[in-house]
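For reference, the structure discussed in these notes is given below.
What follows draws every value from the coordinates through simple rules; no lab data is involved. Nothing here was measured: the structure is a model prediction, and the numbers come from that model. Neighbour counts are summed over all protein chains in view; Cβ atoms, including those assigned to glycine, are modelled from backbone coordinates with ideal geometry.
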Amino acid sequence: MNIELLDILVCPETKEKVILASEDLMKSLNHAIKIGKVVNEKGELVTTILQFGLLRKDGKKLYPVRNLIPLMTVEERISMEQIK
């Protein structure tokens with residue numbers, strides 16, 4: 001993941017900064033994905049395991065990164081309330 005790109009990315013809705021999600025958070029998220037408990041904001045079941053994610057500073061939403069490309073759309077993001 002390009003660190004320079006990370007410095008300029010923000011949530012398209014709130015304009016909050018995003019940070020690279022921790023390894024522990026990604027493990028928890030991927031476990032929930034494996035057992036079919038994660039949907040994106042579009043309402044679609046997330047089935048692809050993620051290597052990286054960009055977490056909004058408030059910790060409530062995560063933007064998936066696929067093939068090192070951040071998917072910074074409201075429809076693709078994942079509500080972190082599902083991971084509790």
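A few points about this structure:
- With the simple model of a label 7 Å out from the Cα in the direction of the Cβ, residue 9 to residue 48 spans 1.3 nm.
- Between residue 60 and residue 22, residue separation times 0.36 nm minus the direct Cα-Cα distance comes to 12.3 nm.
- Extension gain, residue 71-residue 39: 0.36 nm per intervening residue step, less the Cα-Cα distance, totals 10.0 nm.
- Average Cα contact separation per residue, the chain, under 8 Å, 6 or more apart, as relative contact order %: 28 percent
- Euclidean distance of C-alpha centroids, region 62-82 and region 25-42, integer Å: 11 Å
- Test item: Cα-centred dipole of the chain, Lys/Arg +1 and Asp/Glu -1 on Cβ, debye: 220 debye
- Taking 27 Å as the straight-line reach from the Cα of residue 17, the lysines in range (excluding those fewer than 8 positions away in the same chain) are 27, 37, 42, 57, 60, 61, 84.
- Taking a ≥ b ≥ c as the square roots of the eigenvalues of the Cα gyration tensor, the chain is classed as prolate, since a/c reaches at least 1.5 and a/b is larger than b/c.
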